[in-house]
Amino acid sequence: MRGLRLFPVVLVAACGGVGSYEEAADATVRAMQDYAAILEGITDKAAAEKAKPKIEALAKRLDEILDEVNGLKEPSQESLEKSGATLREGMNAIAAKMDENMQRLDRLPDIWPTLQDQAIGLSSKFMALRAMLGA
């Protein structure tokens, strides 16, 4: 059963590189969905500790996406608009779930200190990708 809980993070990590801004936007949305699923499973400090390696793997994947986007040629305006739209739609679709999970975790006093550094790190990576992909 433990392997099944790691499946979304492993799947994202195994998907390989991104070859376009649109693919990067899709990969970023999948990473956001995986992050929301990880957060949803955190109910106490022990679960937060168990989630740390999953979040670290997700942060590594976001670093890979950032590096890959930096290596892409400058996108056309149309490509940038498509990737921005994909990312905005994905973010809008998951925003309520993310907010709900973050508020829930914020009310659990032992959890935020456990995940604070990782959450801030992921947030900065998501924001960098958002800017790079035109969202």
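The values are calculated or read from the model by the stated rules, or taken from the named source; none is laboratory data. What you are looking at is a predicted structure, and each value in this text was computed from that prediction instead of being measured. Glycine gets a Cβ as well: all are built from the backbone with ideal geometry, and neighbour counts include every protein chain shown.
Within the stretch 9-40, can you find the residues that are over 14 Å from LEU62 (Cβ atoms) and modelled with pLDDT under 50?
Listed by number, the residues that qualify are VAL10, LEU11, ALA14.
Report, by residue number, each residue of the stretch 88-99 that is closer than 14 Å to GLN33 by Cβ and not small (Gly, Ala, Ser).
GLU89, MET91, ASN92, ILE94, LYS97, MET98
Filter the stretch 42-72 down to the residues that are assigned to a loop (DSSP other than H, G, I, E, B) and either surrounded by 14 or more Cβ atoms within 10 Å (Cβ to Cβ) or at pLDDT 90 or above (or both) and list them by number.
If the condition is that a residue be assigned to a loop (DSSP other than H, G, I, E, B) and either surrounded by 14 or more Cβ atoms within 10 Å (Cβ to Cβ) or at pLDDT 90 or above (or both), then ILE42, LEU72 are the ones that fit.
Just checking, does the stretch 78-87 include any residue being farther than 18 Å from ALA31 by Cα and free of Cβ contacts under 8 Å to residues at least 24 places away in the same chain?
Yes, that holds for at least one residue.
For the stretch 73-95, which residues satisfy the criterion of being over 15 Å from the mean Cα position of the chain (by Cα) and in a helix (DSSP H, G or I)?
Within the stretch 73-95, GLN77, GLU78, SER79, LEU80, GLU81, LYS82, SER83, GLY84, ALA85 qualify.
Give the stretch 103-135 a look and list any residue that's surrounded by fewer than 14 Cβ atoms within 10 Å (Cβ to Cβ), of a type in the set (A, V, I, L, M, F, W, C) and under 14 Å from the mean Cα position of the chain (by Cα), or say none.
Across the stretch 103-135, the qualifying residues are ILE120, MET127.
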